[in-house]
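Asks: Before I ask anything, here is the structure I am working with.
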Amino acid sequence: MYEEIIYGPEDAVPLASNNHEAIVIEVVTCNYKAKKVYIDNGSAIDVLYYKTFKELQLEDKQLIPVQTPLIGFAGPSVRPEGMITPMVKVGVSPKCRTVPVNFVVVKEPSLYNMILGRPTLNALRAVCSTLHLSMKFPMLAGVAEMLGDPEVTQACYNATLKGKEKLVAQTTCLEPWEPVGKVERLEKDEGLIELPVSRGQPDRAVKTGSCLSELTRRALESLLEEYAEIFEWSADDMPGIPTELAVHKLHMDPNIRHVKQKKWNFAPERNEVVRDEVEKLLEAKIVKEVFYSTWLANPVLVKKDDKAWRICVDFADLNKACPKDSYPLPRIDLLVDSTTGYEIFCFLDAFKGYYQIAMDEEDQEKTSFVTEYGTYC
């Protein structure tokens, strides 16, 4: 759950806000710290000015062509140079978020280096207060806050009054940025190396970045070796979670009639895929054959990104007979954001995690599915 975002008496009101200036912050993008970033919740786009674009060491060939001109409240329309989508870090670690921003690049004089409009503010779920020259946005670690710089804001305001937009626009205020607390940086073209989980079985290995320090690599090797017994390489190795710890149980509405789906017919090659998968699950004792089931569903084949087949079961009828669990699943983008500030991220996954928890014995036959080669649950 997010914390509530509020502005109250404890939030300071800078003196500069008496002149009703805009919120001007600094962000990090393309390994540069960019100042004079204008927060504009009235803008339907995010704008990057061409002068800043070149200072960020970006090239014109990276731009995606844009045909639609930009039209402001007054004055002639502006023809964009194109669009680019760099990653932009907003906030100070650990309360910060890095989001992709679709900038429209324009060759126009401006007091600012870039404008963050509604698309980015909505992506951050940000709440702005011009009175406090502040922008707050939610995170799992709490509410992050970016404060506008009153001095920069006042300078931009004064330049606007004097008509010196072009003069001010010559200063982009970019500084090289390095992650705080990091001694070394990974190369952009980092390779992968394999670390054996067990010295006795060199074919069982995991992949890590080749740019790990020697100390980190040795510590990781030691950790893998210590817990080698928890790594499973096939369904046969997987014991599953003991039933005394956890089982799946179906809380079904007794008034709903049993549903037996009519068997679907698949092409021969798809039937082979189903048979191979069922045989693997039978060997691992994850499924068993049944003969007189009152519930019956069909397998469903879904193509994965790697072109392999994923075997699922159409439990739509069974789901309708069970009460709905309204507990919300965690949002993956928030989980990724919560890793901010850590140098190492682990991609180890639970092998066939769907099968790790057994079905309660009374409910097993309700999960029956029919194939060309038999009925299983």
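The values are calculated or read from the model by the stated rules, or taken from the named source; none is laboratory data. Quick caveat, the model's predicted, so the values are computed rather than measured. No Cβ is skipped: glycine too gets one built from the backbone with ideal geometry, and neighbour counts run over all protein chains shown. SASA here: full protein model, heavy atoms, side chains in, ligands and nucleic acids out. Shrake-Rupley method; radii C 1.70, N 1.55, O 1.52, S 1.80 Å.
Asks: List the residues of the stretch 33-60 whose backbone N lies under 17 Å from a point placed 7 Å from the Cα of residue 158 along the Cα-to-Cβ direction.
Replies: 36
Asks: Does the stretch 221-281 come out rounded, prolate or oblate, given a ≥ b ≥ c as the square roots of the eigenvalues of its C-alpha gyration tensor, rounded meaning a/c under 1.5 and, failing that, prolate meaning a/b above b/c? Write down the numbers at each step before the final one.
Replies: Values: a/c = 4.77, a/b = 1.43, b/c = 3.32.
Verdict is oblate for the stretch 221-281.
Asks: Taking the convex hull of the alpha carbon atoms in the stretch 26-145, what volume per residue do you get, in Å³? Don't jump to the answer; show the numbers that get you there.
Replies: Working: hull volume 12.9 nm³, N = 120.
With only Cα atoms used, the stretch 26-145 gives 107 Å³ per residue.
Asks: Shifting gears a bit: Once a ≥ b ≥ c are taken as the square roots of the eigenvalues of the Cα gyration tensor of the stretch 293-377, is the result rounded (a/c under 1.5), prolate (a/b larger than b/c) or oblate (a/b not larger than b/c)? Numbers along the way, then the final one.
Replies: Details: a/c = 2.51, a/b = 1.78, b/c = 1.41.
It is prolate, given that a/c is not under 1.5 and a/b is the larger ratio.
Asks: Could you work out the helix-only [θ] at 222 nm for the chain, with each DSSP H run of four or more residues adding -39,500 (n - 2.57) and the total divided by the number of residues, to the nearest 500 deg cm²/dmol? Spell out each step's value before the answer.
Replies: Numbers: 8 runs with 71 residues, N = 377.
About -5500 deg cm²/dmol.
Asks: Averaged per residue, what accessible surface does the chain expose to a 1.4 Å probe, in Å²? Before the final figure, lay out the partial values.
Replies: Working: 24620 Å² over 377 residues.
Here the per-residue accessible area is 65 Å².
Asks: While we're on this one: Between the alpha-carbon centers of the stretch 29-105 and the stretch 228-279, tell me the distance in whole angstrom.
Replies: 49
Asks: To continue, here is another question. For the stretch 320-328, just list the computed ³J(HN,Hα) in residue order, Karplus coefficients 6.51, -1.76 and 1.60, θ = phi - 60°, integers in Hz, with x standing in for Gly and Pro.
Replies: 5, 7, 10, x, 7, 8, 8, 5, x
Asks: A further question on this structure: Using only alpha carbon pairs under 8 Å that are at least six residues apart, calculate the relative contact order of the chain and give it in whole percent. Provide the component values of the computation, followed by the final result.
Replies: Values: 584 pairs, mean separation 60.2, N = 377.
Once normalised by length, the contact order is 16 percent.
Asks: Now for a different question. Select from 68, 85, 340 the residue whose mean-square fluctuation is largest in a Gaussian network model of the chain (Cα-Cα springs shorter than 10 Å).
Replies: 68
Asks: Among 242, 94, 65, determine the one that fluctuates most according to a GNM of the chain built with springs between C-alpha atoms less than 10 Å apart.
Replies: 242
Asks: Next up: Using the Cβ atoms and a cut-off under 15 Å, what net charge is assigned to the surroundings of residue 242, where Lys and Arg are +1 and Asp and Glu are -1?
Replies: Values: positive: 285; negative: 244, 360, 361.
Computed value for this residue: -2.
Asks: Between residue 70 and residue 33, what length in nm is gained on full extension when 0.36 nm per residue of separation is reduced by their alpha carbon distance?
Replies: Working: separation 37, 0.36 × 37 = 13.32 nm, distance 2.67 nm.
Full extension from residue 70 to residue 33 adds 10.6 nm.
Asks: Using r as the Cβ-Cβ distance of residue 12 and residue 141, and R0 as 25 Å, what FRET efficiency do you calculate, to the nearest 0.05? Walk me through the numbers on the way to the answer.
Replies: Details: r = 22 Å, r/R0 = 0.88.
The pair residue 12/residue 141 has a calculated efficiency of 0.70.
Asks: By how many nm would the segment from residue 206 to residue 193 grow when fully extended, if each residue of separation counts as 0.36 nm and the alpha-carbon distance is taken off? Don't skip to the answer; put the middle values down first.
Replies: Values: separation 13, 0.36 × 13 = 4.68 nm, distance 0.83 nm.
This chain segment gains 3.9 nm when fully extended.
Asks: Here's a follow-up. Distance from a point 7 Å along Cα→Cβ of residue 270 to each backbone N in the stretch 285-322: keep the residues under 16 Å and list them by number.
Replies: Under cut-off, by backbone N: 297-304, 308-315.
Asks: Where does the charge balance sit around residue 91 when Lys and Arg score +1, Asp and Glu -1, over other residues with C-beta under 9 Å from its C-beta?
Replies: Working: positive: 89, 95, 97; negative: 145.
Around residue 91, the charge tally is +2.
Asks: Here's something else I'd like to know. Sorted by mean Cβ packing within 10 Å, highest first, what order do the peptides 272-282, 215-225 take? Provide the component values of the computation, followed by the final result.
Replies: Numbers: 272-282: 15.8, 215-225: 13.5.
The packing order, highest mean first, is 272-282, 215-225.
Asks: Gaussian network model of the chain, Cα springs within a sub-10 Å range: biggest mean-square fluctuation belongs to which of 338, 213, 93?
Replies: 213
Asks: What span do the alpha-carbon atoms of the chain cover on each of the three principal axes, reported in whole Å from largest to smallest?
Replies: 87, 56, 47
Asks: Which order do the peptides 326-333, 197-204, 357-364 come out in when sorted by mean C-beta neighbours inside 10 angstrom, highest first? Walk me through the intermediate numbers first.
Replies: Numbers: 326-333: 7.6, 197-204: 12.4, 357-364: 14.4.
My ranking of the peptides, most packed first, is 357-364, 197-204, 326-333.
Asks: Find how much the distance from residue 60 to residue 291 grows on full extension, using 0.36 nm per residue of separation minus their present alpha carbon separation; answer in nm with one decimal.
Replies: On the way: separation 231, 0.36 × 231 = 83.16 nm, distance 6.67 nm.
Contour length minus Cα-Cα distance gives 76.5 nm.
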